[in-house]
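To start, the structure under review is shown below, and the notes come after it.
Every number in this text was worked out from the coordinates using simple rules, so none of it is lab data. Worth saying up front: this structure is predicted, and the values here are computed from it rather than measured. Here the Cβ is made from the backbone with ideal geometry for all residues, glycine too, and neighbour counts use every protein chain on show.
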Amino acid sequence: MIQEKAKLQELLELDKKHFFHPTSAVKSQQESGPAFIFTEGKGVYLHDESGRKVIDGMSSLWNVNVGHGRRELGEAALEQMSKLAFSSSFASFSNEPAIRLAAKIAELAPGDLNAVFFTSGGSEANDTAYKLARHYWLLKGQPDRQKIISRTKAYHGVNIGATSATGLKPFRDFTNSLAPDFHYADHMSTEELRRVIEEEGPETVAAFVAEPVQGAGGVHIAPDGYFKEVRRICDEYGILFITDEVITGFGRTGTFFGIEHDEVVPDMMCFAKGVTSGYAPLGGVVFSESLYKELGDLSTGTLLHGYTYSGHPMACAVALKNIEIIEQEGLVANAERMGAELLKGFEAIKAERSIVRSVRARGLMGAVELATPAGSEPLAPTVVAEAAKHGLICRSVTFDGQDTLVFAPPLIINETEIKELIVSLNTALQEVEKAMGSEGE
Amino acid sequence: MMNAAAVDIIEVINPATGQIVGRLPKQGQKEAKQAADAAHNAFSEWSGRTAEERSVLLMNWHRLISQSEKELAKLMTKEQGKPLKEALGEIRYANSYISWYAEEGKRLYGQTIPASDRNKRIIVQKQPVGVVAAITPWNFPAAMITRKVAPALAAGCTVVVKPSEFTPLTAFKLAELAYEAGIPRDVLAVVAGDPAEIGDTWMKDGRIRKLSFTGSTGIGKLLMKKAADTMKKLSLELGGHAPFIVMPDADLDQAVEGLIASKYRNAGQTCICTNRVFVHESCAGAFTGKLAEAVSKLKVGNGLDAGTDIGPVINQAALEKVKAHVEDAVLKGALLLSGGREHGGQGTFFEPTVIAGATDDMLCMKEETFGPLAPVATFQTMDEVIRRANNTPYGLAAYLYTKNLSDAIRISEGLEYGIVGINDGLPSVSQAPFGGWKQSGLGREGGHYGLDEYVEVKYISMHL
């Protein structure tokens, strides 16, 4: 016991001193150390150094789709690393896991999306899509098509290109110089998209990029028919349509890919996260058959784009195993069923908790919007802290005046665990209401 | 259930179907007095028999009940509604009191006490109290009778029983078997009908020396007042408001199982049913999630159908009460997780219900619900949960789930309750003293404590 406490203290101190955390409050981390030091995960649960057990209501970063502690994924990695841990995919070198994974993703992806370019993650996938879109127009002899249009509240990653495409302004304001030629249309309106295209000049627009359901921006579901109209507009102006399925891919929304709800096929599709359920870093872009062919036909020399870890054998082997699990365990259908349960729970909470304004979910991506009291700070961060005390990890979104809690539990979640999540969330909301009530007295 | 048009008949209604399952002549003052006269006249002969002789008859009765257990269970399910497996369980449980007291009656030991004078001797004897009136409820139509009648008969008392007018059929059937076993009709009588008339007749009768009552605290208080005039000895098993405490280290699956056993048995209509669930805030989500899921799988239906877990509640008034408690809780901010509605159909069914986020201002946290509703509240510290658990006039049963021995002892000692189940949702057995503190009643039933309720103590001081 004493030893455990000493170890915990040591880790806290080392973390504060040496571990510069991504997307964290730097000051509070340097002063107070990490919020959790996780030690193991099992199913939908995470355990930490101090003995706490919490339900991972975010699948960590929307990515641990098959849940924690899957030994078979570790075994797949071990087997591949023991045989061939790494080899290059540049200069047309290849390896079996990458080949098989590309073919598998082509089989799963909608329509004629058939050729896969691998990256290490979602940010790189987005940058790859934008760069290759622009490169395509160069090859096509339309060098003026350089602009990328994305949506307000969009989140596409933190590489320079992906940051530039991100519609959430604080991410862009974080640095003082970005990639040029990115523009934003209202995230719910195709008229606005048309207006921006017209304003910028259609002949200068390379591509439009959109998340089928916006994730980090607050789980926003576009109106019915939105994406059908987007496809029509892109076709009309000859603009490439890119979907960012980094969060929505691999079952998250109750279909294999999020765009399937809208029955349209993009020209390029970014993916990452759920492709390996986070067991290995991997992302990529799937290109339509025609685009892939055209790039082949038009290109003369070497494609000067690629990452060291593009086509990483171990990551690809893990992805293949992960997809096998998703298929064999029927996790896409489970996400749809459990998503309905989750929404039912949210609605029950909404009926009881006065601080809840509205709720929504598509598959296992859900949001609970809070009613911020006039003149007050958003409540969501307090609810998140309170929920952690009651054994639930979720995330707050406060960009653009939002006050929202978002959820994305692992796709393996069952009814009991959904109820647990709902009860813990309700308790946290109740505590916050109670605290507000007592402040008012 | 009485039919106003036919004043002389009790109609017994099956709460699962609304159908009449039995018609009985409605008895009153006249029959109550006749039974009391007979019991009074039979007392000296019955109390004069040896314990062994009474034991033989009680064991005969036990054997006959055992032989008819399926028939009795079915009859009980028809008039009371509980699932057949529970009815059969109750018959066996009821019968265990008969065999236990058939034995224990033989050990009604006295005492000798060293005197203060070398020429004196002090002997303490226990003698039967006299004629006993037993007034029993509908929730356990058999067990509440044998729990009183068996120790009374074993001690040498004669007994008049008034079962609930909702469930008299099981009572009369038990009496028939007793007569068949050789217990004289004057020694044990069942009178059913107008509860006020029968009760008042007995309460005014000075020859009835003892009242043993199981029922609501309200009626218990009324009977206690009425008993004052003739200074009857009293045993009162009254209402409860059982807390169910889950500590952070508890085995949650075991706790869920225990809660289901303690809460939903008999559709929540037992006086030791859990009424308030207190779960430590760190495991409230996990516990309540598991509970709600398990409860949503319980099958509601006619108790006679195979696979039924939850039968109807006894009548419309009972249904209205659960409904009102659920509505009040939801209005005050509780989160409905499963159930919450009438089940529909002919009978008085209510879905087994779990609510989260219960607070102490809700009716279900203040009053006995006597229905299938489990309100789950959270707590932070041990002292807090003991205080909240005790914050009620009731003190019958309490439940505690923990693996920590020190916590188990500290909390159980802090609870002002007559019965504490530690990791045990079903504590009732014939050899243990069942009974409540505070306004949950007086006296104990079961074990040697239960026999003492039917005797008077006499000490004899002899000068040589």
Shielding score for B:289-299, defined as the mean number of other chain Cβ atoms within 10 Å: 4
Residues meeting the amide H criterion for B:VAL246 (H placed from the backbone, H to H distance under 5 Å, 5 or more places apart or on another chain) are B:PHE278, B:VAL279, B:HIS280, B:TYR401
Any idea what the relative contact order of chain A is, in percent, if you count C-alpha pairs under 8 Å spaced at least 6 apart? 20 percent
Cα-based Rg (one decimal) and Dmax (whole number) for chain B, in Å? 22.8, 77
For the protein assembly as shown, list log₁₀ I(q)/I(0) at each q in 0.05, 0.06 Å⁻¹, using the Debye formula over Cα point scatterers of equal strength and ignoring solvent, two decimals each. -0.43, -0.57
Return the long-range amide H neighbours of B:GLN27 (sequence gap of 5 or more, or a different chain), with a cut-off of under 5 Å between placed amide H atoms. B:ALA192, B:GLY193, B:ASP194
For peptide B:334-340, how many partner chain Cβ atoms fall within 10 Å of a residue's Cβ, on average? 4
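Listed highest first by mean packing, meaning other Cβ atoms within 10 Å per residue, what order do A:118-125, A:176-183 come in?
A:118-125, A:176-183
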With a sphere of radius 12 Å drawn around the Cβ of A:ARG337, what net charge do the other residues whose Cβ falls strictly inside it have (Lys, Arg +1; Asp, Glu -1)? -2
Calculated FRET value between A:GLU75 and B:ILE9, using beta carbons and R₀ = 45 Å, to 0.05: 0.05
At 222 nm, what helix-only mean residue ellipticity would chain A give, in deg cm²/dmol to the nearest 500, using -39500 (n - 2.57) for each DSSP H run of four or more? -13500 deg cm²/dmol
Note down the net charge around A:ASN114, summing +1 for each Lys or Arg and -1 for each Asp or Glu among other residues with Cβ under 14 Å from its Cβ. -3
Which of B:LYS263/B:LYS299; B:LYS85/B:LYS299; B:LYS162/B:LYS204; B:LYS85/B:LYS162; B:LYS85/B:LYS263 exceed 19 Å between C-alpha atoms? The answer is B:LYS85/B:LYS162
If the cut-off is a Cα-Cα distance under 12 Å, which aspartates and glutamates reach A:LYS5, setting aside same-chain residues fewer than 8 apart in sequence? A:GLU49
The range A:252-287-the range B:400-464 distance, computed between alpha-carbon centres (Å): 64 Å
The range A:303-335 and the range B:77-101: distance between their alpha carbon centers, rounded to Å: 60 Å
Only bridges with both residues in the protein assembly as shown count here: give the DSSP antiparallel percent, nearest 5. 50 percent
Under a straight-distance cross-link criterion of Cα-Cα below 12 Å, which aspartates and glutamates are reachable from A:LYS153, leaving out those fewer than 8 residues away in the same chain? A:ASP186, A:GLU211, A:ASP400
Averaged over the residues of A:347-356, the number of partner chain Cβ atoms within 10 Å of each residue's own Cβ comes to 3
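Of the peptides B:375-383, B:280-288, how do they stack up when ordered by the mean number of other Cβ atoms within 10 Å, highest first?
Put in order of decreasing packing, that is B:280-288, B:375-383.
Can you pick out the pairs among A:LYS27/A:LYS350; A:LYS140/A:LYS321; A:LYS53/B:LYS323; A:LYS147/A:LYS321; A:LYS140/A:LYS228; B:LYS120/B:LYS438 whose Cα atoms lie more than 31 Å from each other?
On the way: A:LYS27/A:LYS350 35 Å; A:LYS140/A:LYS321 38 Å; A:LYS53/B:LYS323 36 Å; A:LYS147/A:LYS321 38 Å; A:LYS140/A:LYS228 26 Å; B:LYS120/B:LYS438 41 Å.
Result: A:LYS27/A:LYS350; A:LYS140/A:LYS321; A:LYS53/B:LYS323; A:LYS147/A:LYS321; B:LYS120/B:LYS438 exceed 31 Å.
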Counting Lys and Arg as +1 and Asp and Glu as -1, what is the net charge of the other residues whose Cβ lies under 15 Å from the Cβ of A:LYS293? -4
Estimated distance in nm for a label pair at B:GLU176 and B:LYS74, the labels positioned 7 Å out from Cα along Cα-to-Cβ: 1.3 nm
Taking θ as phi - 60°, what are the ³J(HN,Hα) couplings along the range B:344-351 by the Karplus curve (6.51, -1.76, 1.60), each to the nearest whole Hz, with x for Gly and Pro? x, x, 6, x, 9, 9, 10, 5
Over the range A:158-303, relative contact order from alpha-carbon pairs under 8 Å, at least 6 apart, %: 15 percent
Alpha carbon centroid spacing (whole Å) that separates the range A:42-68 from the range A:1-41: 17 Å
Just order A:194-202, B:321-329 by mean Cβ neighbour count inside 10 Å, highest at the front, would you? B:321-329, A:194-202
